[in-house]
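**Q** What follows is a structure written as structure tokens; I'll ask about it next.
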Amino acid sequence: MIFNKQVECLAPRALKDIQSKRLCRIVNYMQRKSPVYQKKFAQSRVILRKIKSINDIDHLPFTVKEDLRDTYPFGIFSAPMSDIREIHVSSGTTGNPTVVGYSKEDLDLWANVIARSLCCAGAVPGDMIQIAYGYGLFTGGLGLHYGSLLLGLTVIPCSSGQTKRQLKIMQDFRPRVLACTPSYALYMAETAGELGIDAKKSSWKIGIFGAEPWSEAMRQQIEKRWDLEAIDIYGLSEIIGPGVACECHCKNGLHVPWDVFYPEVIDPKTLKKAKPGIPGELVVTTLTKLGMPLIRYRTRDIVTINYEKCACGRTSPRISKVLGRTDDMIVVRGVNVFPTQIEEVLLNIEGAEPHYQIIVERHKGLDRLEVLVELKESFFSDEVKQLQNFEQRISKEIESVLSIGVKVRLVEPKSIERSEGKSKRIIDKRSL
Amino acid sequence: MKITQVSVFLENKKGRLFDAIRILGEKAVDIKTLTIAENKDFGVLRMIVDNPQKALEVLKSHDFVASITEIVAVEVDDHPGGLAKVLKVLDGNKINIEYMYAFVEKRADKAILVFRFDDLDKAIAVLNKNNIRVVGKKDIANF
């Protein structure tokens, strides 16, 4: 089912008119309402009168996370506070958290794009959904909640955590749809195993997973363990939260509802448009948001984009799974390293759990990469040399992917911190 | 006659050995002997205990990676040449030792040699044939 067939299947040419009109309208709205953008537009010497088409978008300045932090808490909002109906906050690792505000219209938009995402994933009105994303300041829980209500699903607002209770609810209520982070889906599978619950017999047939990057191999593992269709949903609170893009049943890229969120992929160094198929940083412009519209927001997520029409009938472009983050990406001895590359390797090695941590250290001017990998119980040998061989095998596999040397260290199961939200994959001890 | 040894994976982290030994003590598992094989990153604790199944359960319930391995223990006189005599037999019969350790029996003037072989049954047959006493599970209680 396609939630809004008229828009989602519209020919790109017709859609372009809508995008162009909306872009003109939003930049003029922001010029009137937002002192931050007035300044930004002035500094970039953009002549707003000349912004007539969506093709003119590259004359507009970028927005970066620092713009939000510098105007903490509400400075980036275009709408007056009296028009803001909801606020969400995402934790930052440094400085002030990021605060986002939604007007009434923005909340409706949010529900709309999530309803589209849910349909993309295969949910239909009447389905029951177990939402195991955190509710509260995090956008995951409430975003899925609003969209599910709009689509006409029965919502079980579990929030994250209390894994045993999640599993009991699944067994007793038999919801067909699960929404949570992919790492939590795996964590629940582990717990199910410990409790003697046959995960393959679960009621979940569709899993909508997001809020952290995950690999194709991790998808296979989740699908195998739970016997469900694992669908990737993408979003970031600055744009709206989840619902910025979502896979359809083809699982060949995430559809971006580009009538409302206009995507560009740029080379993060030159800031020029990346060549098609070449990974670059995703940049998003919100074409209709009123509370906190953003122009050309640099997401820091690395993706590729594909404008070909999808087999599902939707005409929107599709972004790849997030390949990495411009800020999660670590450069070790000149090589770009993404945690997902290491995850992919581990998932393909029998005996290694996809729970890992990457430690980067600088020793006498040379960067060293150490990967902690949890040892799977069934793979334990009481012979040290066997375990050493296993370590070496993993490091060889990783080396063949990254083409730099790594040291692998086996650690006890469950010793790497599990998170019910995002996990801390990289510890960079270098003082750069 | 084979004896059951309990092996535990120990991450190279402060207090991990103590944790393992402490929980076994709390559950009244009697450790007859132990040895640790290690490299820079981790260790493998190998133990002969009075009740291997119980030890395994206790360790696993505390999230240790533990397993059970069959080993062969032989008894030799605790004097010079005791170990050499056994190794000579094994060498002569081309029995490959994966690892070994030894301890002294309290009540008798004997030493116990613990072996892990790639082919346990062949090793036992060779030892028996050469009149080297292979220790049974029942003997463990007396150590």
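**Q** Which of the following residues is away from every other protein chain (no Cβ under 14 Å) and touching a residue at least 60 places away in the same chain (Cβ under 8 Å): B:ASP50, B:ASP109?
**A** B:ASP50
**Q** Among A:ILE76, A:ILE87, which is the only one that is assigned by TED's automatic domain parsing to the domain that holds A:ILE266, β-branched (Val, Ile, Thr) and farther than 30 Å from A:LEU271 by Cα? First the steps, then the outcome.
**A** Details: A:ILE76 fails: farther than 30 Å from A:LEU271 by Cα.
Just one listed residue meets the conditions, A:ILE87.
**Q** Right, something else. Can you find, within region A:378-410, the residue that is farthest from B:ILE97 (Cα to Cα) among those that are buried (at least 18 other Cβ atoms within 10 Å of the Cβ) and away from chain B (no Cβ under 14 Å)?
**A** A:LEU402
**Q** A follow-up question, please. Of everything in region A:347-372, what is more than 11 Å from every other protein chain (Cβ to nearest Cβ) and either farther than 20 Å from A:ILE426 by Cα or without any contact (Cβ under 8 Å) to a residue 60 or more places away in the chain (or both)? Give them in sequence order.
**A** A:ASN348, A:ILE349, A:GLU350, A:GLY351, A:ALA352, A:HIS363, A:LYS364, A:GLY365, A:LEU366, A:ARG368, A:LEU369, A:VAL371
**Q** Got at least one residue in region A:294-303 being touching a Gly at 6+ places or on another chain (Cβ under 9 Å), modelled with pLDDT of 90 or more, surrounded by 21 or more Cβ atoms within 10 Å (Cβ to Cβ) and in a loop (DSSP other than H, G, I, E, B)?
**A** There is no residue in region A:294-303 that is touching a Gly at 6+ places or on another chain (Cβ under 9 Å), modelled with pLDDT of 90 or more, surrounded by 21 or more Cβ atoms within 10 Å (Cβ to Cβ) and in a loop (DSSP other than H, G, I, E, B).
**Q** Here's a follow-up. Return yes when A:ASN55 is at pLDDT 95 or above, polar (S, T, N, Q) and farther than 24 Å from A:SER103 by Cα and no when it is not.
**A** Details: at pLDDT 95 or above: yes; polar (S, T, N, Q): yes; farther than 24 Å from A:SER103 by Cα: yes.
Taking the combined requirement at face value, the residue satisfies it.
**Q** I've got another one for you. Go through region B:115-138 and give me each residue that's in contact (Cβ under 8 Å) with a residue 24 or more places away in the chain, more than 10 Å from B:ALA73 (Cα to Cα) and in a helix (DSSP H, G or I).
**A** B:LEU120, B:LYS122, B:ALA123, B:VAL126, B:LEU127, listed by residue number.
**Q** Please enumerate the residues belonging to region A:375-400 that are β-branched (Val, Ile, Thr) and without any contact (Cβ under 8 Å) to a residue 40 or more places away in the chain.
**A** Residue satisfying the conditions is A:VAL384 alone.
**Q** Quick check, is A:GLN357 polar (S, T, N, Q) and under 15 Å from A:GLU399 (Cα atoms)?
**A** Working: polar (S, T, N, Q): yes; under 15 Å from A:GLU399 (Cα atoms): no.
It is false that A:GLN357 is polar (S, T, N, Q) and under 15 Å from A:GLU399 (Cα atoms).
**Q** Taking region A:230-273, which residues are outside any strand (DSSP E or B), in contact with a strand residue (DSSP E or B) (Cβ under 8 Å, 6 or more places away or on another chain) and farther than 25 Å from A:ILE18 by Cα?
**A** A:HIS249, A:LYS251, A:ASN252, A:ASP267, A:PRO268
**Q** For region B:59-104, how many residues are within 30 Å of B:GLY25 (Cβ to Cβ) and within 14 Å of chain A (Cβ to nearest Cβ)?
**A** Total meeting the criteria: 17.
**Q** Name the single residue that is nearest to A:MET329 (Cα to Cα) among those in region A:377-419 being basic (Lys, Arg) and modelled with pLDDT of 85 or more. First the steps, then the outcome.
**A** Here is the first cut: in region A:377-419, the residues basic (Lys, Arg) are A:385, A:393, A:396, A:407, A:409, A:414, A:418.
With the extra rule that they be modelled with pLDDT of 85 or more, the set shrinks to A:385, A:393, A:396, A:407, A:409.
Details: A:LYS385: 33, A:ARG393: 24, A:LYS396: 21, A:LYS407: 19, A:ARG409: 21 Å.
Only one residue tops the list, namely A:LYS407.
**Q** Consider A:ARG219 carefully, then state whether it is crowded, with 18+ Cβ neighbours inside 10 Å and not aromatic (Phe, Trp, Tyr).
**A** Taking the combined requirement at face value, the residue satisfies it.
**Q** Pick from A:PRO317, A:PRO276: which is in contact with a strand residue (DSSP E or B) (Cβ under 9 Å, 6 or more places away or on another chain), free of Cβ contacts under 8 Å to residues at least 40 places away in the same chain and more than 27 Å from A:VAL371 (Cβ to Cβ)?
**A** A:PRO276
**Q** Right, another one. Based on this model, can you work out whether A:VAL260 counts as in contact with a helix residue (DSSP H, G or I) (Cβ under 7 Å, 6 or more places away or on another chain), modelled with pLDDT of 85 or more and assigned by TED's automatic domain parsing to the domain that holds A:GLN19?
**A** yes
Results for (1) modelled with pLDDT of 95 or more; (2) of a type in the set (Phe, Trp, Tyr); (3) part of a helix (DSSP H, G or I); (4) over 30 Å from A:ASP17 (Cβ atoms), shown as yes or no for each residue.
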residue: A:LEU68; (1), (2), (3), (4): no, no, yes, yes
residue: A:ASN112; (1), (2), (3), (4): yes, no, yes, no
residue: A:VAL124; (1), (2), (3), (4): yes, no, no, yes
residue: A:TYR133; (1), (2), (3), (4): no, yes, no, yes
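**Q** Another question about this same structure. Which ones in region A:1-35 are outside any helix (DSSP H, G or I) and buried (at least 18 other Cβ atoms within 10 Å of the Cβ)? First the steps, then the outcome.
**A** Taking region A:1-35 as the starting set, the residues that turn out to be outside any helix (DSSP H, G or I) are A:1-4, A:9-11, A:34.
Those that are outside any helix (DSSP H, G or I) and buried (at least 18 other Cβ atoms within 10 Å of the Cβ): A:PHE3, A:LEU10, A:SER34.
**Q** May I ask you to say which residue of A:THR326, A:THR340 is within 20 Å of the chain's Cα centre (by Cα) and surrounded by fewer than 17 Cβ atoms within 10 Å (Cβ to Cβ)?
**A** None of the other options fit; the residue is A:THR326.
**Q** Of the residues A:ILE51, A:ILE76, which single one is more than 22 Å from A:HIS88 (Cβ to Cβ) and hydrophobic (A, V, I, L, M, F, W, C)?
**A** Result: A:ILE51 is the single residue among A:ILE51, A:ILE76 that is more than 22 Å from A:HIS88 (Cβ to Cβ) and hydrophobic (A, V, I, L, M, F, W, C).
The values are calculated or read from the model by the stated rules, or taken from the named source; none is laboratory data. Small disclaimer: the values here were computed from a predicted structure and weren't measured. Quick reminder, even Gly has a Cβ in these numbers, built from the backbone with ideal geometry, and neighbours come from all protein chains shown.
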